[in-house]
Amino acid sequence: MEPPEEELAAAEKLIMRWDSTASEEARDRMIFDGGDREEAERYLRAVDEIQRSMESAAVSDAAAADADSTKVNGTSAIQIAMARLEDEFRNILINQTNLIETESLVDPNSSINSSSHHSRTSSVEEFNVDQEFLKDKVEDQNNEDQSREDATETPSRGSSGGGSCSRSSAFRSMTSIREIELIPADAVHDLRSIAERMISAEYLRECVQVYGSVRKSSIDSSFRRLGVEKLSIGDIQRLDWEALETKIRRWIRAAKVCVRVLFSSEKLLCEQIFEGLGKDSNGNNAEDVCFMETVKGPAIQLFNFAEAISISRRSPEKLFKILDLHDALLDLLPDVETVFESNLAESFRVQAAEIQTRLAEAVRGILSEFESAVQREPSKVPVPGGTIHPLTRYVMNYISLISDYKQTLVELIVSKPSMGSRYSNDPAAPEIEFPEIENNLSPLAVHLIWIIAILLANLDGKSKHYKDASLTHLFIMNNVHYIVQKIKGSPELREMIGDDYLKRLTGKFRHAATNYQRATWVRVLYCLRDEGLHVSGSFSSGVSKTALRERFKTFNSMFEDVHRTQASWLIPDPQLREELRISIAEKLIPAYRSFLGRFRGHIESGRHPEMYIKYSVEDLEAAVLDFFEGYPASLHMRRRSQG
């Protein structure tokens, strides 16, 4: 066994041989490159020997001069060794890092639950809370592909995924922390061996800085592949909403990978390398210090995006993406608590919880904004043909989507809307009739009924812009029928609103249909009465041909006017259109057949009967089929002649 002095000299010699500032060979080669494990072990033992000698010299009371000399030589050697170990540490981190295939970690269905939901969300046009949105949106909404809209009316997100609970489970595609191997085990062993020597020599700060800079670069690379951009809160708030929608979807996918895979794996790696090796000057464990040095910047980058969304301007078109963001973050909170459990990481736990709270507040505020915007929507130009108003489509699509988020919103919406005879102090605002409702309805359900009540009041005001009373009633019938069908088409919405209110709405559109028929056909059918056609004398010969001719002419004129006008009116729902035609025919055709049967002979016995009896019963039956198709009567006549 060599004497201690010779062992120390040999150790210092080995350290100096690997001094990269003094040897070209040392600059070109790495000790821990796997080529010579014995040399790596010898180097670590040499560092240990120098550290022991320095510790012995520090406590030695005798031979003070020799002790000082040993300390000076040891200090120089240990500084060279630490510089070398720092280079080796960095080299292992850079060259032994496993490539993370982030694409394989992302669940393609996790950002927005299902592709069908995404298409439904995107169908909701922007609702501008300054009340101008429909001035720009009416044409877009009217030109929507009806078949696509119809396809979205019946299925709900819950039904397509196996029940309403599918929303919740959709965010559970990566349900828990999933740690992966960032660096091979043998390299981790070398890193821990080096870190142990550096920390023992009071080089913790240098070791952490090297580790953090390399590992942060790896996280940044993963962030880029996941689409997590470096944007400040100000940058995010300046983006238009369409761009932000895409970024929110991307963020939801990425955040799960970042927290549950990247950050958790970085935490594990820090523990494998640094756990139990010491504390910093503030008493924080080395592994916690190293973890925060590594992930602090990326974590700030990640959470700042959600922070910016949570404090952005509230408007109705943002509701569903904010709900997606809220649900994703709520689902991540337990994992954030686990990954960022140390005292040093407390700020991230607090930030995540505060963002989730602000997103919940934003949801409540947006719902209130939406109610106000529906009430104050200002368009006064009647929609052609009394068809479904864009506002009706928009609102019902919107609340259908709201019902899809029932599980979340029932928890967030805890108070009922403030209701009165008027929703605001605006004297021009329409009266809102709010029905008595069941006490067992949730606050969310009451909000939805309230929104529909506001919509109906607004539609009632818009109906008054039609000059034709019949068209006024047809407009109300079309729009209320659409509301009923949207409710029936969404199991979640129907369950929340309840059958009682649905029956009220059904009665309302049927009442409008009855009012339409009265306004249109009472006058027409009045022409087919017997009163006023008979003159004094024998009943059999007491018909006034003059009065009869005038009656036929009046009927012809009125029917032609109704046919010409109402053929261009539109009932977009085929079943409702057919039902109303049948109802008209059931009143008109028998009355005309009877009238024609009683008085045809009186006209045909005179001159030019074709001037008065213009229509056969079959002609009227065919003409009724032209009603409510949405294009002029002349086109119908041409179509029939071509047929």
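Values computed for the structure shown
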item: Single residue of segment 38-52 satisfying the filter (without any contact (Cβ under 8 Å) to a residue 24 or more places away in the chain and surrounded by 13 or more Cβ atoms within 10 Å (Cβ to Cβ)) that is nearest to L191 (Cα to Cα); result: E39
item: Residues of segment 585-597 satisfying the condition of being open to solvent by less than 40 Å² (accessible area, probe 1.4 Å) and within 60 Å of the chain's Cα centre (by Cα); result: A585, L588, I589, A591, Y592
item: Residue within segment 490-497 that is among the charged types (D, E, K, R) and touching an Asp or Glu at 6+ places or on another chain (Cβ under 8 Å) present; result: yes
item: Residue count for segment 186-202, restricted to those that are among the acidic types (D, E) and not in a helix (DSSP H, G or I); result: 1
item: Unmet requirement for P491, which otherwise passes all of (1) in contact with a His (Cβ under 8 Å, 6 or more places away or on another chain); (2) in contact (Cβ under 8 Å) with a residue 40 or more places away in the chain; result: (1)
item: Condition check for R178: in contact with a helix residue (DSSP H, G or I) (Cβ under 6 Å, 6 or more places away or on another chain), closer than 15 Å to F291 by Cα and in contact (Cβ under 8 Å) with a residue 40 or more places away in the chain; result: no
item: Residue that is farthest from L93 (Cα to Cα), among those in segment 216-245 that are of a type in the set (V, I, T) and crowded, with 17+ Cβ neighbours inside 10 Å; result: I236
item: Those helices (runs of 4 or more DSSP H) lying entirely in segment 489-576 with at least 3 residues of a type in the set (G, A, S) and open to solvent by 10 Å² or more (accessible area, probe 1.4 Å); result: 499-526
item: Residues located in segment 404-418, provided they are open to solvent by less than 20 Å² (accessible area, probe 1.4 Å), more than 15 Å from L359 (Cβ to Cβ) and assigned to a loop (DSSP other than H, G, I, E, B); result: P417
item: Tabulated pairs, segment 82-106, first modelled with pLDDT under 90, second of a type in the set (K, R) and crowded, with 18+ Cβ neighbours inside 10 Å, C-beta under 7 angstrom, 6+ apart or interchain; result: V106/R253
item: Complete set of residues in segment 169-185 that are exposed (fewer than 14 other Cβ atoms within 10 Å of the Cβ), part of a helix (DSSP H, G or I) and at pLDDT below 50; result: S169
item: Unmet requirement for F370, which otherwise passes all of (1) modelled with pLDDT of 90 or more; (2) out of contact with any Cys (no Cβ under 9 Å at 6 or more places or on another chain); (3) open to solvent by 20 Å² or more (accessible area, probe 1.4 Å); result: (3)
item: Residue among P390, P378 that is crowded, with 19+ Cβ neighbours inside 10 Å and farther than 20 Å from R313 by Cβ; result: P390
item: Count - residues of segment 603-619 that are surrounded by 12 or more Cβ atoms within 10 Å (Cβ to Cβ) and either touching a strand residue (DSSP E or B) at 6+ places or on another chain (Cβ under 9 Å) or not in a helix (DSSP H, G or I) (or both); result: 6
item: Yes/no for A63 being modelled with pLDDT under 85, under 18 Å from E6 (Cβ atoms) and exposed (fewer than 14 other Cβ atoms within 10 Å of the Cβ); result: yes
item: For R600: the one exception among (1) at pLDDT 90 or above; (2) assigned to a helix (DSSP H, G or I); (3) more than 49 Å from the chain's Cα centre (by Cα); result: (1)
item: Within segment 349-388, tally of residues that are within 24 Å of the chain's Cα centre (by Cα) and either among the hydrophobic types (A, V, I, L, M, F, W, C) or not in a helix (DSSP H, G or I) (or both); result: 13
item: Per-region count, segment 378-409, residues of a type in the set (F, W, Y) and in contact with a Gly (Cβ under 9 Å, 6 or more places away or on another chain); result: 0
item: Residues satisfying the stated conditions in segment 19-35, i.e. surrounded by 13 or more Cβ atoms within 10 Å (Cβ to Cβ) and either over 17 Å from A83 (Cα atoms) or at pLDDT 85 or above (or both); result: R29, M30, I31, F32, G34
item: Residues that are of a type in the set (A, V, I, L, M) and either farther than 29 Å from P184 by Cβ or not in a loop (DSSP other than H, G, I, E, B) (or both), drawn from segment 17-37; result: A22, A26
item: Residue in segment 462-475 that is out of contact with any Leu (no Cβ under 8 Å at 6 or more places or on another chain), more than 29 Å from L401 (Cβ to Cβ), surrounded by fewer than 18 Cβ atoms within 10 Å (Cβ to Cβ) and free of Cβ contacts under 8 Å to residues at least 24 places away in the same chain present; result: yes
item: Subset of segment 181-233 [basic (K, R) and touching a residue at least 60 places away in the same chain (Cβ under 8 Å)]; result: R192, R197, R205, R215, K216, R225, K230
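The values are calculated or read from the model by the stated rules, or taken from the named source; none is laboratory data. This structure is a prediction, so every number in the text was calculated from the model and none was measured. So basically every Cβ, Gly included, is an ideal-geometry build from the backbone, and we count neighbours across all protein chains shown. Areas reflect the complete protein model, heavy atoms only, side chains present, ligands, DNA and RNA absent. Shrake-Rupley method; radii C 1.70, N 1.55, O 1.52, S 1.80 Å.
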